[in-house]
1. Out of the residues in the stretch 21-57 that are aliphatic (A, V, I, L, M) and surrounded by 17 or more Cβ atoms within 10 Å (Cβ to Cβ), which is farthest from Leu130 (Cα to Cα)?
2. Every residue in the stretch 126-153 that is surrounded by 13 or more Cβ atoms within 10 Å (Cβ to Cβ) and small (Gly, Ala, Ser), please.
3. Taking the condition in a helix (DSSP H, G or I) and more than 30 Å from Leu20 (Cβ to Cβ), does His104 pass?
Amino acid sequence: MQLNIGDYISGKSISIGKYLGENTINDTLFHKIFDTSKNLVIYVPVGNESELRKLPSKVTVEKYLNMFKDQEVIDCQEIDGSRYKYLKDKVSRSKFKASIEVLHDLCVLKKKREISASERKLLNSLEEKLVPELSHISDLGQAEIESRIHFVA
């Protein structure tokens, strides 16, 4: 992934970060990222970019927010084994599309009262991570984003 100074990114421990470039510390090269939610600088070793992803465009976010109007589960009908494990593995890929699809499916399942305790925890963690991202990108308030997400729930 090519990162440019000023890009907004997200990662496992970074909600919304602004890429500040690369720094060398003790002969090791790091990506320097300012976490806007925590107001601190985080250093991620170069080579660990798989933990990071660029935030999507406003058009992409709007497309995925419109997906929440659909009452059908996207991805959970034909799963072998644990649905929670499948959804958790899908989220761990650090892709925006995968995370938003899992959030959608969990909201639909919650509305149908077919959600387990571990799936509920996954839903809560996804909401905590994605709502600020979606709000930042779309210039909508977090309450507006939550109301659009919970349109199905």
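1. Among those that are aliphatic (A, V, I, L, M) and surrounded by 17 or more Cβ atoms within 10 Å (Cβ to Cβ), it is Val44.
2. Residues satisfying the conditions are Ser135, Ser138, Ala153.
3. Yes.
Every number here is computed from the coordinates shown, using simple stated rules; none is lab data. What you see is a predicted model; the values in this text were computed from it and never measured. Neighbour counts are summed over all protein chains in view; Cβ atoms, including those assigned to glycine, are modelled from backbone coordinates with ideal geometry.
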